[in-house]
Amino acid sequence: MKKVDETRIDDLLSQLTLEEKINMIHGVGLFQSGGVPRLGIPPLKMSDGPMGVRKDFANDSWINIGTTDDYVSYLPSNSAVASTWSRDLAYITGMVLGAEARGRGKDVILAPGINIKRSPLCGRNFEYISEDPRLVEELVVPLVKGIQEYDVAACVKHLAANNQETDRLEVDTFVDERTLREIYYPGFKAAIDKGESHSIMGAYNKLYGEYCSHSKTLLTKILRDEWGYDGAVISDWGAVHDTKEAAESDLDIEMSVTGNFDNYYMANPLLEAVRKGEIKEECIDKKIRNILRTMLRLNMLGEDRKNRARGTYNAPLHREAILECAEESIILLKNDDNRLPIHKDGLKTLAIIGQNGERLHSGGGGSAEIKALYEISPLLGMKMLLGGDVDVKYAKGYYVPSKEEKKINWQKDSLKKNNISKEEEERLIALRLEEEIKGRQEELLREAVTLAKENKEVILVVGLDHEHDVEGKDRKDMKLPYGQDKLINEVLAVNPDTIVVVIAGSPVEMGSWADRAKAIVWSYYAGMEGGRALAKVIFGDVNPSGKLAETFPKNHMDSPAHKLGEFGNYGKVTYNEGVYVGYRYFDSYDIDVEFPFGHGLSYTTFAYSNLTVTVDEACNDDIDVRVQATIKNTGTSYGAEVVQVYVSDKEASVQRPIHELKDFTKVYLKPGEEETVNIILNKNSFSFFDVESHSFVVEAGEFEIQIGSSSRDIRLKETISVPGTVPGTK
Ligand code: BGC
C-alpha cells in the first residue's frame, strides 16, 4: 500500500476531540461518514456500486431525490467484465467507474463485488466475477487499480464467504480453513496486496459465529495481522451488531440503513462507553489513523487537494470503453452449422421475439441499480445497426407482470377477503395472478409462433431480469421464468433455425431446448451499450470472444453447493463441498454440464501447437515453470482466443481437484496469424493450503500442465516434475 507521511496523521489525531473522532467512524448520512470542518477533514462520501455510480438519495432516508444530474454511464456488470477474461478491459472499466465516481464527487465507490459464485442461485451472482479464485484474483487487481487512478477508493466487497442472499444478515457460515484460503480469500488478498484497494467492506453474514463486519478472526487475525492491511474497513450497511465488539475490532467505519445516525453502535453508545471507561480511546484512535491514511492516499487533505484527480461522468470516451467491454463479454455458447453470424447483405426482414429484446435492466438489482444516461436494448441495437431498409418485426413472446400490477391485484383482493389469514390471502392472490398471467402468456405465445413461422430470420431474446438477479433473495431454481421454456420450444418447433439469445446474470436451465437450438448466444447485463454490442456480434461486425467465468450446470441440484453442501438455509450454512467449487467439482467427478467453465466459441477457429514446458531452477523457495504454446487463427476472420492454463497434481497427500486454472492470456489474431504465448507458473500454481503447517505447500512430484480453450477442451498437455517447497515458508 502507498506510504503516507504518518506524522500528518499524528498531528491531526492529536487535535481531535473524542466527539469529533466518534463522528468520523460512523455514518452521518446514508452514504457518508462524518468530517471535521475545523481541521479541514472532509466526510468520506460513498456510493454504490459495481455497474456505475448510483443515483443520489436524501441524506437520511432512501427517498429518491429525483435530481436530473445523477444520470451516469451504465457499465457492464462484473459477470460481464469477467467473461471478457481481459485484464486490460477490467482496468479500463475500473477507470471509467473511478472517473465517474470522482466526477460525481464521491470518495469511495462500493465496488467491485468479488464473492465467489458458489451456487448458481445466489441472487447477487450477476455482480460477482467468477466461481474460480484465480480468475477473481487476476481481474480484481486491474479493476481496483483502474478505479483508484482517479483518487477514489475502491471498496472491495463483501469480506467474506457472503455467498447467498437468503438470511444474509444473520446466516452463520461454516467453511473449513483450507477452503477459505484456497477459494474464498484469494480475491480479497490480491485486491489488497496487488490492487492496493484503499478500502474493504465487511460482509453481513457470520463466519464461525462472528459477524464478519467486526470479526476478530477475519479483520484482526487475517486482514490486519497476516495481510498487513492498513486501509479503511467499512461495514456493510447495517452489519454492525454490538458497540464493544465493533469498537474493539478492526472495523473503521460503521454504515447503516437508517437515519438515526447518533444511535448507531459506533456513535453515541460508543461515546458513552468511552466516557465511562468501558472502552479505551485508543481503539478509536486506531480507526481514525486508518481513515486519515486513506484520505491522504486519496489526496483529500490540506494542500494535496490541489493534486486530486477531478474525474468526470458521461464522457463519450467512457461509452466507447463500455461498448468494447460489452462486445468482448458476449459468449457464443453454440453455433452448429455456422448458423451465426447473420449476413446483413440482402436481409429484408427480421423477427425479434421475447421481452428481453426490449427490456432495460439498469434500474434494478438492488444496490447495483443505475440511473443510466441511456441503455440500448437488443431491439434498439439491431435496428440501429440494420438501418431503415430491413423490416424488423417484434413480438413480446412472454408476459412479465409489472410491479404496479402485482400491487394493484394485492390491494384489490385484500380488501375483499379480510376474513382469511394473510398467508391464505397471499396464496390466493398468487394463484389468481398466475392464472391471469397464463392467459396473457398464451396470447403472446400464439402471436410469437405465428411470427416465427412467417419469418426466415428469427432471434429469440429471452432470459432473466432483476426480479430474479437481485440483492436480498436467491432464486429457487435455475428455470427460466414467465413460461419462456415453452416459448422457446414452440418457436424452435416452427422455425428450427431460430437463434436463441439469453440475457441474464446467472445460469438458467436449457435442457428442454439447448440440443435443438442451432445457435445460443449469452449476454450478462452488459451495460448501456449492451444492445449495440449484441447486434454487432449477431451480424458479424464483432467476432465473439467471451468465455464463461462460471460453469453452466444442467440444473442447480447438480452443483456442489447443493449436492454436497448446504445453500439457502436460514441460521447456518455449511460448505461441505470444501474446495470442490464450480468446475473443480464438475470436472473432478465428471458431471455432465450444459456448458463448461471457460467455454465460448468464435466465428473463426484456433489451433494449438508446440507446447514446451521448462522447469527452471527454484530460488528463494519459489518455483519457476515456463510454459509456451503457439496459437494460430486457422479460420477466415479476425478473432480472439482465451488460452487457459490448468495444472493437475498427479498425486497429493490431500484430495485435490482434478485440475485448477492457474493462468490465462487472451490473444488477438488475424486469419492465418499465429502467436507464441508465454506463461510463467510459480509456487502458487502448484501449492495447496496445508492445515498442519498453516501454509501453502508444494509437494514434490509430477504435475500435468494443460493448455486449453475451456476446462473441458484441453488441447495440449505435458507432465513435469516439480520440486517441493518447505512447509511453513511464505
Ligand atoms: C449491500 C452492499 C451495498 C450497501 C450500500 C448493502 O445492502 O450489501 O453491497 O454497498 O448496501 O448500498
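The values are calculated or read from the model by the stated rules, or taken from the named source; none is laboratory data. Since this is a predicted model, take the numbers as computed values, not measurements. Every residue, glycine among them, receives a Cβ derived from its backbone with ideal geometry; neighbour counts consider all protein chains shown.
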Scanning segment 274-288 for residues that are part of a helix (DSSP H, G or I) and under 24 Å from residue 6 (Cβ atoms) gives 274, 281, 282, 283, 284, 285, 286, 287, 288
Flagged in segment 318-351 as part of a helix (DSSP H, G or I), among the small types (Gly, Ala, Ser) and farther than 12 Å from residue 542 by Cβ, in numbering order, are 321
Here the residues within segment 203-254 that are away from the ligand (no atom under 16 Å from the Cβ), part of a loop (DSSP other than H, G, I, E, B) and within 22 Å of residue 28 (Cβ to Cβ) are 231, 242, 249, 250
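To keep it simple, each residue is scored yes or no on (1) in contact with a Ser or Thr (Cβ under 7 Å, 6 or more places away or on another chain); (2) surrounded by fewer than 20 Cβ atoms within 10 Å (Cβ to Cβ); (3) outside the structural domain of residue 701 (by TED's automatic domain parsing); (4) not in a helix (DSSP H, G or I).
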| residue | (1), (2), (3), (4) |
| --- | --- |
| 576 | no, yes, yes, yes |
| 588 | no, yes, yes, yes |
| 613 | no, no, no, yes |
| 631 | no, no, no, yes |
| 637 | yes, yes, no, yes |
| 640 | yes, no, no, yes |
| 645 | no, no, no, yes |
| 655 | no, yes, no, yes |
(message) Just to be sure before I move on: is residue 46 over 19 Å from the mean Cα position of the chain (by Cα), farther than 30 Å from residue 562 by Cα and not hydroxyl-bearing (Ser, Thr, Tyr) in the structure I sent?
(response) yes
Going through (1) assigned by TED's automatic domain parsing to the domain that holds residue 546; (2) touching a helix residue (DSSP H, G or I) at 6+ places or on another chain (Cβ under 7 Å) one by one, residue 311 fails only at (1)
Taking segment 506-521 and keeping only residues that are closer than 19 Å to residue 469 by Cβ and either in contact with a Gly (Cβ under 8 Å, 6 or more places away or on another chain) or surrounded by fewer than 18 Cβ atoms within 10 Å (Cβ to Cβ) (or both), one is left with 508
Quiz item: Could you say whether any residue in segment 314-330 is among the β-branched types (Val, Ile, Thr) and either farther than 30 Å from residue 225 by Cα or at pLDDT below 95 (or both)?
Solution: yes
Restricting attention to segment 366-406, the residues that are assigned to a loop (DSSP other than H, G, I, E, B) and either without any contact (Cβ under 8 Å) to a residue 40 or more places away in the chain or more than 16 Å from the ligand (Cβ to nearest atom) (or both) number exactly 16
| message | Within segment 48-57, does at least one residue satisfy the condition of being modelled with pLDDT of 95 or more and either polar (S, T, N, Q) or away from the ligand (no atom under 14 Å from the Cβ) (or both)? | response | no
How many residues of segment 25-45 are on the phi < 0 side of the Ramachandran plot and out of contact with any strand residue (DSSP E or B) (no Cβ under 9 Å at 6 or more places or on another chain)? The answer is 6
Exercise for the section: Answer yes if at least one residue in segment 170-188 is under 19 Å from residue 47 (Cβ atoms) and out of contact with any His (no Cβ under 6 Å at 6 or more places or on another chain), and no otherwise. Expected result: no
Of the listed residues (111, 101), the one being part of a helix (DSSP H, G or I) and within 16 Å of the ligand (Cβ to nearest atom) is 101
Per the filter on segment 125-145, residues aliphatic (A, V, I, L, M), more than 13 Å from residue 547 (Cβ to Cβ) and more than 11 Å from the chain's Cα centre (by Cα) are 141, 143, 144
Selection from segment 129-159 of residues in a strand (DSSP E or B), of a type outside the set (Gly, Ala, Ser) and within 20 Å of residue 74 (Cβ to Cβ) yields 155, 157
The one condition residue 682 fails out of (1) more than 18 Å from residue 588 (Cβ to Cβ); (2) free of Cβ contacts under 8 Å to residues at least 60 places away in the same chain is (2)
Expected output for segment 242-263 (first residue closer than 17 Å to residue 169 by Cα, partner of a type in the set (Asp, Glu), Cβ below 8 Å, 6+ apart or cross-chain) is 246/254; 255/236
The residue from 487, 464, 444, 460 that alone is more than 17 Å from residue 393 (Cβ to Cβ) and surrounded by 20 or more Cβ atoms within 10 Å (Cβ to Cβ) is 464
Among residues of segment 135-159 being within 16 Å of the ligand (Cβ to nearest atom) and touching a residue at least 60 places away in the same chain (Cβ under 8 Å), the residue surrounded by the most Cβ atoms within 10 Å (Cβ to Cβ) is 143
Here the residues within segment 220-255 that are surrounded by 24 or more Cβ atoms within 10 Å (Cβ to Cβ) and of a type in the set (A, V, I, L, M, F, W, C) are 223, 232, 233, 234, 239, 240, 246, 247, 251, 253, 255
Checked against (1) assigned to a helix (DSSP H, G or I); (2) of a type outside the set (Val, Ile, Thr); (3) away from the ligand (no atom under 13 Å from the Cβ), residue 126 satisfies every condition except (3)
Checked segment 164-202 for anything within 16 Å of the ligand (Cβ to nearest atom) and free of Cβ contacts under 8 Å to residues at least 60 places away in the same chain; matches are 197, 200, 202
Review point. Restricting attention to segment 1-24, does a residue exist that is part of a loop (DSSP other than H, G, I, E, B), touching a strand residue (DSSP E or B) at 6+ places or on another chain (Cβ under 6 Å) and closer than 25 Å to residue 110 by Cα?
Key: no
Go through the residues of segment 58-67 one by one and say whether even a single one is away from the ligand (no atom under 16 Å from the Cβ) and of a type in the set (Asp, Glu).
no
